[in-house]
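The values are calculated or read from the model by the stated rules, or taken from the named source; none is laboratory data. All of these numbers come straight from a predicted model, not from anything done at the bench. Glycine gets a Cβ as well: all are built from the backbone with ideal geometry, and neighbour counts include every protein chain shown.
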Amino acid sequence: MAEAKERNLTPPIPSDMQSMLKRCENLEKEVRSLKLNLAFMNRKDSEQTKQIEELQKQNEELTEEKERLLEEIERIIPKTSRM
């Protein structure tokens, strides 16, 4: 009997409040999903940034090697033309 009195003391939640609570729950789930997606995209972006930096470094090294080889060719050509 005490349980019945307790149930009567708590007012029922109106249907519009229930629908608002349900909407809030759905929005919270969507926010969690978006946060996970953002974390994944940030990780992918970080990996791609590392790859870009590595490729830029390789490009610089190859450019330096090219310049060195061109200098070597220019040094060798005059010697061969004298012979």
Working carefully through the options T80, T49, T63, find the one that is assigned to a helix (DSSP H, G or I) and over 35 Å from the mean Cα position of the chain (by Cα). T80
Does R43 count as surrounded by 10 or more Cβ atoms within 10 Å (Cβ to Cβ), at pLDDT 95 or above and either aromatic (F, W, Y) or assigned to a helix (DSSP H, G or I) (or both)? no
